[in-house]
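**Q** Starting off with a structure, shown below.
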Amino acid sequence: MCNVITQFLSLLLLSGFLSQGTIKLSSCDANQNMDCLEVEKEALLKFKQGLTDPSGRLSSWVGEDCCKWRGVSCNNRTGRVIKLKLGNPFPNSLEGDGTASELGGEINPSLLSLKYLNYLDLSMNNFGGMEIPKFIGSLGKLRYLNLSGASFGGMIPPNIANLSNLRYLDLNTYSIEPNKNGLEWLSGLSSLKYLNLGGIDLSEAAAYWLQTINTLPSLLELHMPNCQLSNFSLSLPFLNFTSLSILDLSNNEFDSTIPHWLFNLSSLVYLDLNSNNLQGGLPDAFQNFTSLQLLDLSQNSNIEGEFPRTLGNLCCLRTLILSVNKLSGEITEFLDGLSACSYSTLENLDLGFNELTGNLPDSLGHLKNLRYLQLRSNSFSGSIPESIGRLSSLQELYLSQNQMGGIIPDSLGQLSSLVVLELNGNSWEGVITEAHFANLSSLKQLSITRSSPNVSLVFNVSSDWAPPFKLTYINLRSCQLGPKFPTWLRSQNELTTVVLNNARISGTIPDWLWKLNLQLRELDIAYNQLSGRVPNSLVFSYLANVDLSSNLFDGPLPLWSSNVSTLYLRDNLFSGPIPQNIAQVMPILTDLDISRNSLNGSIPWSMGNLQALITLVISNNNLSGEIPQFWNKMPSLYIIDMSNNSLSGTIPRSLGSLTALRFLVLSDNNLSGELPSQLQNCSALESLDLGDNKFSGNIPSWIGESMSSLLILALRSNFFSGKIPSEICALSALHILDLSHNNVSGFIPPCFGNLSGFKSELSDDDLARYEGSLKLVAKGRALEYYDILYLVNSLDLSNNSLSGEIPIELTSLLKLGTLNLSSNNLGGTIPENIGNLQWLETLDLSRNKLSGRIPMTMVSMTFLAHLNLAHNNLSGKIPTGNQFQTFDQSIYQGNLALCGFPLTTECHDNNGTIPTGKGEDKDDEEGDDSELPWFFVSMGLGFIIGFWGVCGTLIIKNSWRYAYFRFVEKMKDRLLLAVALNVARRTRKV
């Protein structure tokens, strides 16, 4: 059967109707035996006059014999022009001449004089949105028409339906519109073998597009990607295009399962349904694809259901791509079915980005012709099967981002054809020896990383080992290569990427590494214990990345060639000033992180010439002086972090020119003055941290008016005064507000209850919106948050001069985790419904003038881990229950009228007796003693009626008794479920 398919493809190749990505069309510059007709030569010259030709592609259109002109072909016998092949020969040229070689202008109707024209190719030119000429529908001899990528606009002329001889039609573009009759014009092209309508918006024809296509019985190739099709009919009354061999319906909007009729296309060799909304599993009818050579269902993000357990007789299958879906279930029976063929021809298997589970079976080793195996981003577990060593043709193996682990088998070392080995993001352990690489003579890319920073995979190779390969790419993260620098890299003089991150390497880098003369695109040796000085002699390729972070390198900052774009030198022992010529030596820097070193001196003015800079992190050094006024030359800056230095002076006004700025961190310096009004131009700011400085004046109202995207506003430990502007309440995304340790006075704005950021929980997807760290006071101590900053919801107004009552509106901030109002002049009572703050972990109301009782609702705040109510005027009994049984008595000190556990002061009534009830108050029990007998009589009667009215009925009536006990059992289950959920919620929060 596979030989039959090969012969069939050969016939397609000879017919000239396979796509350009599949075949090469035969040359149209055949030998010419006769001169062209004068009338046709004049027609071509008129056609040329209407065109623009900046590169002179039509300069050969001179002389008497037009059959010798470039792109023109004539019939050898009659001399008639039959082909115009004027497609752009350099559409995607890297040399930049693709645009220069485009034809444009207008298409002259003189082409109608070419009566025998059967081939017209104007593809990949630029006709500036002009409509497809209507006269093309009158070129009745046309068999081939290619207008793809030529920037035609307007509607498809309906008279194209007159081209009954047309075999090949390619209108692939994003600027053409379907005509008013949708796709009805296609029904006239009964001889069509190739059709490409890619990029045309066919949403109006979505309901019947398939019925129209079904009227083309001769169709061999159909390409309709990016057509906004949404209707994928699950059934057809009859199937007319049974000869279809290639079908591309990718990047549409199908919202259905894969239709069964698709599996009756027995001649299909290529199927691409990627990037749709297909749902459900793959039908068992998949087994009908006995001649399938390429199946691509990748990137259908909504395909769901278990993976098919059998694919039937797919023994001629060459490529199977089902990536980027939601396919689930184990893979064992699927691979067993594929390997059951007496001779498997499968070469490409791509199941990446799904939800597949289970171990990889030994049957994987039976797919002897496999060259490309892509299984990344699933949930596979277990280790790599030993049988992997039988895949002698395997060239690329991707198993990244799964849940695999265990020992990597040394049978991998038998894959002599392997070029790429990628095993990232798993939990590998054990020892890697020379045997794992014994026969990998073709290996170029080696990538093994663990899913956690814990190192449990050890490379144990001898110091004189000579690898059989020459790598260009090596990425080993959280794998032990040390303690010495691996000497086997000495022979790898073709490397362009070197990543040895967290590899437990110590000591100095050997000189031979610097002398390999590597042209590196990436050098990452971060998170080791490497020491010494880094030479400036390294050479890098264009846009190179360098990361030497978290080591023990010392000396001055190293500067390399002008090709470095990202430079991370943080957390080392570099000292001295920032080089004055940094912008001259490294002018294309986009990311610079030199934080956590011992750098001193001032910020050089030359840094203002780093016009491509996106991130600038120079925090945690000993830098001094003022911040220069050079920011208007750096329009792309996204992050600025200068915290924890000794910078002084004011904030430069030119910072206001950074309209792309998202993170501005200037905390822990000696900056002073008022905030410049120009800063309000940074309207995209998401984090503004100016804490621990000497800023003064009022908190500007324009922060709330102009910075609507703020997530974090930290102004702690400054000299701000005046009232809290009510405009802050407009910051709906805000979830960290720290105004503590200032001189702010007045009331807490009740509109704080409108801060919706404190009412919603952020997801893991919000992690990308955070950079850097932030110091906050939580749980009674100063904490620095890094990776989980997006989970923090904190409102800190402590150590100010605020007065008035605590606004009851604050109790609507349901996701608040920290509320600190301590050390102010707040009066009144604690809001009774403060118990609504169920997520609160820290509550500090100490050192105020609060009075009244502690609300009983606080007992329900089960996440509360830190409470401080000291030094107020609170009175009454302390609530009991839940976490209140664990709090220390120091949190209540200075409240002389409080009583009860954990204080030693017992609660008394007005007569000095100890109350016997559990409540905080005791009702006045002084009454007429004559009421006591009636009380006991009524209580006795109530007991008799209540007990026998219920229990007596249960004893006598079986059905009621059964119902009662079922009710009790159900309530018990609900209670246990509630307890389990509460425990899980606490565990997740921790």
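**Q** For segment 525-651, just say rounded, prolate or oblate: build the C-alpha gyration tensor, square-root its eigenvalues into a ≥ b ≥ c, call rounded for a/c under 1.5, and beyond that prolate if a/b exceeds b/c, oblate if not. Each step should come with its number before you reach the end.
**A** Details: a/c = 1.78, a/b = 1.18, b/c = 1.50.
Oblate shape, in that a/c is at least 1.5 and b/c is the bigger or equal ratio.
**Q** For a protection proxy built on the mean count of beta-carbon atoms within 10 angstrom, sort 875-882, 795-802, 240-247 highest first, please.
**A** Highest-to-lowest ranking by the protection proxy: 795-802, 240-247, 875-882.
**Q** Pull out a ≥ b ≥ c, the square roots of the eigenvalues of the alpha-carbon gyration tensor of segment 366-426, then state rounded if a/c is under 1.5, prolate if not and a/b is larger than b/c, and oblate in the remaining case. Show your work: numbers first, answer last.
**A** Numbers: a/c = 1.87, a/b = 1.48, b/c = 1.27.
Prolate, since a/c reaches 1.5 and a/b exceeds b/c.
**Q** Report the calculated FRET efficiency for residue 515 and residue 696 (r = Cβ-Cβ distance, R0 = 45 Å), to the nearest 0.05.
**A** With R0 = 45 Å, the Cβ-Cβ based efficiency is 0.20.
**Q** List the residues whose amide H sits under 5 Å from the amide H of residue 722, counting only those 5 or more places along or on another chain, with H placed 1.01 Å from N in the peptide plane.
**A** Sorted by chain and number, the residues that satisfy this are 745.
**Q** So, one more: Mind listing the phi-derived Karplus ³J(HN,Hα) values for segment 656-664, rounded to whole Hz, using 6.51, -1.76 and 1.60 with θ = phi - 60°, and x for any glycine or proline?
**A** x, 7, 8, 6, 8, 5, 10, 10, 10
**Q** Enter the Cα centre distance for the pair segment 330-394 and segment 502-560, rounded to the nearest angstrom.
**A** Taking the Cα centre of segment 502-560 as reference, the centre of segment 330-394 is 39 Å away.
**Q** Treat every Asp and Glu Cβ in segment 525-651 as -1 and every Lys and Arg Cβ as +1, leave all other atoms uncharged, and give the resulting dipole magnitude about the Cα centre to the nearest 20 debye. Walk me through the numbers before you get to the answer.
**A** Numbers: 4 positive and 7 negative charges, 28 e Å.
That gives a dipole near 140 debye.
**Q** Sticking with this structure for a sec: Show the residues, 5+ positions off or on another chain, whose built amide H is closer than 5 Å to the amide H of residue 52.
**A** Close amide H contacts, sequence-distant or interchain: 104, 105, 106.
**Q** Same structure again: Ordered by residue, what ³J(HN,Hα) values in Hz, to whole numbers, does segment 391-404 give under the Karplus form 6.51 cos²θ - 1.76 cosθ + 1.60, where θ = phi - 60° and Gly and Pro are x?
**A** Residue by residue, segment 391-404 yields 7, 5, 9, 5, 10, 9, 10, 10, 10, 5, 6, 10, 10, 7 Hz.
**Q** Could you give the length gained on full extension between residue 134 and residue 333, defined as 0.36 nm per residue of separation minus the Cα-Cα distance, in nm?
**A** 66.0 nm
**Q** Here's something else I'd like to know. Mind sorting 479, 74 by how few other Cβ atoms lie within 10 Å of their own Cβ, fewest first? Spell out each step's value before the answer.
**A** Details: 479 21, 74 26.
The most exposed by this proxy come first: 479, 74.
**Q** Please give the peptides 40-49, 503-512, 816-825, 165-174 ranked by average Cβ packing (other Cβ atoms within 10 Å per residue), highest first, as a rough proxy for protection.
**A** 816-825, 165-174, 40-49, 503-512
**Q** Find which of 582, 568, 594 sits farthest along the positive direction of the dipole of segment 525-651, computed with +1 on the beta-carbon of Lys and Arg, -1 on that of Asp and Glu, about the Cα centre.
**A** Of 582, 568, 594, it is 582.
**Q** When ranked by the protection proxy of mean other Cβ atoms within 10 Å per residue, highest first, what sequence do the peptides 733-741, 460-468 form?
**A** Going by the mean number of other Cβ atoms within 10 Å, highest first, we get 733-741, 460-468.
**Q** Give the long-range amide H neighbours of residue 576: residues separated by 5 or more places, or on another chain, with amide H under 5 Å away, using H modelled in the peptide plane at 1.01 Å from N.
**A** Amide H to amide H, under 5 Å and 5 or more residues apart or across chains, residue 576 pairs with 600.
**Q** Please list, in order along segment 415-424, the HN-Hα scalar couplings obtained from phi with the Karplus expression 6.51 cos²θ - 1.76 cosθ + 1.60 (θ = phi - 60°), rounded to whole Hz, x for Gly and Pro.
**A** For segment 415-424, the Karplus-derived couplings read 7, 5, 8, 5, 10, 10, 10, 10, 10, 6 Hz, x marking Gly and Pro.
**Q** Over 27 Å between Cα atoms, which of 48/141; 723/759; 326/444; 115/193; 484/515; 48/83 qualify?
**A** Over 27 Å apart, Cα to Cα: 326/444.
**Q** In nanometres, what is the gap between the two model label sites at residue 454 and residue 484, each 7 Å from Cα along Cα-to-Cβ?
**A** Rounded to a tenth, the inter-label distance reads 3.0 nm.
**Q** Cα centroids of segment 701-726 and segment 136-153: how far apart, whole angstrom?
**A** About 63 Å separates the Cα centre of segment 701-726 from the one of segment 136-153.
Since every read-out is calculated from the coordinates, none of them should be taken as a lab result. These numbers were taken from a predicted model, which means no experiment stands behind them. Note that we place each Cβ from the backbone using ideal geometry, even for glycine, and neighbour counts take in every protein chain shown.
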